[in-house]
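Notes follow once the structure below has been shown.
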Amino acid sequence: MSSDLIQVKNLVKRFEKVMAVDDVTFSIKPGESLGLVGESGSGKSTLARLILKLTKPTSGEIKYNNLENIRKDCQIVFQDPQTSLNPRIRIGEAIGEPLLINKLLAKKEIPKRAAELLEMVKLPASYARRFPHELSGGERQRVGIARALASSPKFLVLDEPVSSLDVSIQVDILKLLKKIKQELGLTYLFIAHDLSVIGFICDRVAVMQNGKISEIGQQSQIFDHPQSPYTQKLLSSVLSI
Ligand SMILES: Nc1ncnc2c1ncn2[C@@H]1O[C@H](COP(=O)(O)OP(=O)(O)OP(=O)(O)O)[C@@H](O)[C@H]1O
Ligand SMILES: [Mg+2]
C-alpha cells in the first residue's frame, strides 16, 4: 500500500525523434495541488495526457491508488474554453455529455445534474439553455470546470486553465478552483507558466525541462531556494516582469 494517489515511474513518451517525456518519476499525494511549470514544448501537456490515459507511454508505468475508473475519476480542464466547447451545443448538454458518453447517468437525469454543476461554478441554472457564444470567456471557463466535475472525479488536471483570460477574471477562477478543491477534496495537477498562479494554488512544484523533471519540491523550497540554473532563470524572468 502506498499513500500516493498517483505514482509515475520511469515514464517515457517519444514522438518520432522527440522525447516529449523522458524518464520521468514522481508521485502525487491525495489532496495535494502539484504545480507543473516549464517552457513551451517541455512536455507538460504530454505528461498530463499520459496520466489521463489519453495517450500510451512508450515505456514506464503509472500506478493509480483509489482511482478505479480513470475515465470517471480523472478529468481535465483545458486552457481555452472557446475551442473545447462545441459552438452548436447548449451549455446544459455540453456539461452532461461526458456523463452520457460514459453511461454514468440516464438522459432524463442530466438537466438536474447540469443545474447542480452550474451552481457549483457560480453560474445561473438558466445558462443551461445558452450557447457558448452567449457567455463571456470567464463564464465559458466556469462551464469547462463544471463539465470536468460532472463525473465526480477525484483528480483534476488543469492545463493552463486561466492563461487565456483577463487578469481580473483569472483571480476569480483561481479562487473558485481553490474553493472547489477544498469542498470536494480533490487532487490537482496544475500546469501553468505564470509562477504567481502556481504560488496561489499549489503546495508542491515540479519543473519540467526537455521532457525531464529537473526539480521538484515544496513551493517555498522551489521559489526561495531554486536548485537548478533553469529554475533560477525561470524565477528571475518572472521577477523582472
Ligand atoms: N501528437 C504529437 N505528435 C508529435 N509530437 C508531439 C505531439 N504532441 C506533442 N509533441 C511534441 O512533444 C513535445 C512536448 O509537447 P507538449 O505539448 O507536451 O509541451 P508543453 O510543455 O505542454 O508545451 P506548451 O507550454 O506550449 O503547452 C514538443 O516538442 C511537441 O512538439
Ligand atoms: Mg501544453
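Just so it is clear, none of the values below were taken in a lab; they were calculated from the coordinates. This structure is a prediction, so every number in the text was calculated from the model and none was measured. Please note: Cβ atoms are built from the backbone with ideal geometry, for glycine as well, and neighbour counts cover all protein chains shown.
Couple of notes before you dig in:
- Compared with the dominant Cα axis of the chain, that is its longest principal axis, helix 167-184 is turned about 80°.
- Here the Karplus curve 6.51 cos²θ - 1.76 cosθ + 1.60, taken at θ = phi - 60°, turns the phi angles of region 109-120 into couplings of 8, 4, x, 5, 5, 4, 4, 4, 5, 4, 5, 4 Hz, with x standing for Gly and Pro.
- Compactness of region 75-200 as Cα Rg over 2.2 N^0.38 Å, two decimals: 0.99
- Sorted largest first, extent of region 127-231 alpha carbons per principal axis (Å): 51, 27, 24
- The alpha carbon gyration tensor of region 66-107 gives principal lengths a ≥ b ≥ c with a/c of 1.5 or higher and a/b no greater than b/c, which makes the shape oblate.
- In units of the rule-of-thumb radius 2.2 N^0.38 Å, the chain shows an alpha carbon radius of gyration of 1.02.
- About the Cα centre, charge dipole magnitude for region 109-184 (Lys/Arg +1, Asp/Glu -1 at Cβ), debye: 200
- Principal-axis analysis of the Cα atoms of the chain puts helix 229-240 at an angle of about 60° to the longest axis.
- For the pair residue 178 and residue 105 in one chain, pulling the backbone fully straight at 0.36 nm per residue adds 23.6 nm over the alpha carbon distance.
- The chain - mean residue ellipticity at 222 nm from DSSP helices (-39,500 (n - 2.57) per run, n ≥ 4, rounded to 500): -11000 deg cm²/dmol
- Stokes-Einstein translational diffusion, region 78-134 - Kirkwood Rh over all Cα pairs, 1.002 mPa s, 20 °C, in µm²/s: 184
- Kirkwood-based shape ratio for region 131-183, expressed as Rg/Rh from alpha carbons: 0.95
- For the chain, relative contact order (Cα pairs under 8 Å, six or more residues apart, normalised by length) works out to 26 percent.
- Between the listed residues 229, 208, 165, the Cα displaced farthest toward the positive end of the dipole of region 143-239, a dipole computed from Cβ unit charges relative to the Cα centre, is found at 208.
- A simple charge model with +1 on the Cβ of Lys and Arg, -1 on the Cβ of Asp and Glu and nothing else charged puts the dipole of region 25-157 at about 380 debye relative to its Cα centre.
- Base-10 log of normalised Debye intensity for region 1-44 (one unit scatterer per alpha-carbon) at q = 0.24, 0.27 Å⁻¹: -0.93, -1.03
- Exposed loop sites, defined as trypsin sites (Lys or Arg not before Pro) outside DSSP H, G, I, E and B with at most 15 other Cβ atoms within 10 Å, are absent from the longest region of the chain, namely 123-241.
- Using every pair of distinct Cα positions in region 1-115, the Kirkwood expression returns a hydrodynamic radius of 16.4 angstrom.
- About its Cα centre, the chain has a charge dipole of approximately 840 debye under the convention of +1 per Lys or Arg Cβ and -1 per Asp or Glu Cβ, with nothing else charged.
- Of all DSSP beta bridges in the chain, antiparallel share, percent nearest 5: 55
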